[in-house]
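What follows draws every value from the coordinates through simple rules; no lab data is involved. Please read all numbers here as calculations on a predicted model, not as lab measurements.
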Amino acid sequence: MAMDKINGSPLLRQGALDNSRQNERVDADKSAAAQAGVAPAVNDPARGDTAEISATAHRLMELRQAVEVGRDAMTALPEIREDKVAAARARLEAGHYDSQAVRDKVADGIAGVIRGMESL
């Protein structure tokens with residue numbers, strides 16, 4: 001294998017290529033963080049070790065917070081919703097659930113669940 005007089009050995013060229021790719025990824029993460037409104041960490045050797053959190057990690061943290069807010073909202077709801085129970089009782093007494101349309105809808109729902117289980 002011929003030696004490159006400018007870049008040195010093939011291993012050095014590969015190392016330079018890897019460093020270039022890593023720098024491109026860092027620049028892309030910084031750009032994404034800037035677009036998301038997140039200030040990038042400053043690499044100041046005098047301050048000690050630093051770390052940068054990628055835009056993807058920031059997004060995952062935001063999603064986790066949204067899930068936690070949703071869970072809190074669900075726990076705030078009463079376990080039994082009296083208005084829904086009353087509406088279901090009224091429909092039951094009126095014979096709503098004895099109709100063919102309701103039977104077909106329930107059968108379609110069960111068939112969908114079974115199809116979903118078959119695909120597992």
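The 3J(HN,Hα) values that the Karplus relation (6.51, -1.76, 1.60; θ = phi - 60°) gives for region 102-115 are, in residue order, 5, 4, 4, 5, 5, 4, 4, x, 5, 4, x, 5, 5, 4 Hz. Gly and Pro appear as x.
For region 69-86, the Karplus equation 6.51 cos²θ - 1.76 cosθ + 1.60, evaluated at θ = phi - 60°, returns couplings of 4, x, 4, 4, 5, 5, 6, 6, 6, x, 5, 10, 9, 4, 5, 5, 5, 5 Hz by residue, with Gly and Pro reported as x.
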